[in-house]
Structure formats: C-alpha cells, structure tokens
1. Expected output is a single nm value to one decimal: the length gained when fully extending between residue 38 and residue 103, i.e. 0.36 nm times separation in residues minus the C-alpha distance. What is it?
2. What nm distance separates the two modelled labels at residue 181 and residue 8, each placed 7 Å from Cα along Cα→Cβ?
3. Would you mind calculating the gained length between residue 189 and residue 23 on full extension (0.36 nm times residue separation, minus the Cα-Cα distance), in nm to one decimal?
4. With each pseudo-label sitting 7 Å past Cα toward Cβ, what's the residue 78-residue 155 distance in nm, one decimal?
5. Please give the contour-minus-distance gain from residue 31 to residue 69: 0.36 nm per residue of separation, less the Cα-Cα distance, rounded to one decimal in nm.
6. Remind me, relative contact order of the chain in percent, using alpha carbon pairs under 8 angstrom and six or more residues apart?
7. Compute the acute angle (0 to 90°) between the alpha-carbon long axis of helix 180-195 and the principal axis of greatest extent of the alpha-carbon atoms of the chain; round to the nearest 10°.
8. When the helix-only estimate is applied to the chain (DSSP H runs of n ≥ 4, each -39,500 (n - 2.57), divided by the residue count), what is the mean residue ellipticity at 222 nm, nearest 500 deg cm²/dmol?
Amino acid sequence: MPQLAPLDGRLARSARTRHAVVDALLDLLGDGDLRPTAARIAERAGVSLRLVFHHFDDVETIYNELADRQAERVKPLTVPIPVTLPFAQRVAEFSTQRGRLLETLSPVRRAAVLMEPFRPALAKRLKNARDLMRAAAIAAFAPELSKLTADPRRATIAALDVATSWVAWEQMRRHQGLSETEARGVIATTIRALLTT
C-alpha cells in the first residue's frame, strides 16, 4: 500500500500540469492571441516547454484536450427548449441561451476557425458543433417549421441556421459593435421574422 502514494502523487501532478497547460491556452485565446506558440503556452502555464511536450505529443493534442474542456464548459448552456412553450417565450429563451453560448465560445472559436482548414480532427469537431446548434434551432421551432412545405422549410431552416450561428454572432459583436444584449435582440427579431410570415 505505501507504494501507491508516490504513484498517486505523480498522477495528481501530471493531471495538474495538463490542466494548467490547457488553462494557459484558454487564457491566451481569451486575451486575443489566436495562434499561441508552445513556448507562450508553457510560459503562461508556468512550466517548461520540455514539460509541455512530456505531457502532450504536440500542440494539436493540447487543442484536442481544449476542445474536450470547452465542450464540458458549454454543456450546461445548451438546454432543450420545450416546444410546448408559447412561441414568444421560446424565441426569448432560445435567443438568450444561444447568445450566452456563442459569447462563451467566441475566444476559442476564433482560433479554431483559423486552424480548421489544416486540422481534420478539429474540422470534424467544428462540423459536429455546427450540426448540434442547427439541430437545437430546428427542435426549438419545430411546430412553426412543420407548417411549411418542403422547399420553404428547407430555405427557412437554412436562414435560421445562419441567423443563429457563431459567424452571425461574430459579425454582430465584433464587426457591428453590438452589445451582447443587442445581438440577442437581433437573433430574436430574425427568428420572429422568419417564422411569423
């Protein structure tokens, strides 16, 4: 039994180091450093570069762990909107929830979009995330969408997907200078326009 203590201590230190490295990457991305080097990650984590690569095979492995951490962080922000709620309430709840989610995703998503063309594993994760967000929008407004015939439904779903996407959020928040509250209002206005014609 005494032999387990040093092993447990090493495992705990290893987990702390891995956690610190991923936290450092999150911090750097949050600060706007969209392509941090391994050296900058090590410096922010307070560990040596050698120790970073002792725990991670390469920078891509750090990003994979970051993606897992990010998924856990945003999981509580994605609660299905009951279709039994009145339309106005669903619009309000969906817009608030989607805005909170997109705002939380933004620092990491900016960096991910830059790397997506060069990292197939990351591209797959981003596609899955986009598919999940599209599915959530379709589910929240299924009663309204079900009243449309095939072609208008397809077009409306495409417009709903774009209007509630991270790309639209980035346009509103960064390029148009809207506040988070204003951007959520635009999402709500767009959903009402699309689904109450």
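1. 20.8 nm
2. 5.1 nm
3. That pair, residue 189 and residue 23, stretches by 56.1 nm at full extension.
4. With each label placed 7 Å out from Cα toward Cβ, I get 2.9 nm.
5. Using 0.36 nm per residue and subtracting the Cα-Cα distance, I get 11.9 nm.
6. 20 percent
7. 40 degrees
8. -24500 deg cm²/dmol
Just so you know, all these numbers are worked out from the coordinates, no wet-lab data involved. Only a predicted model underlies this, so the values are computations on that prediction, with no experimental measurement involved. Note: ideal-geometry Cβ built from the backbone for every residue, glycine included; neighbour counts use all protein chains shown.
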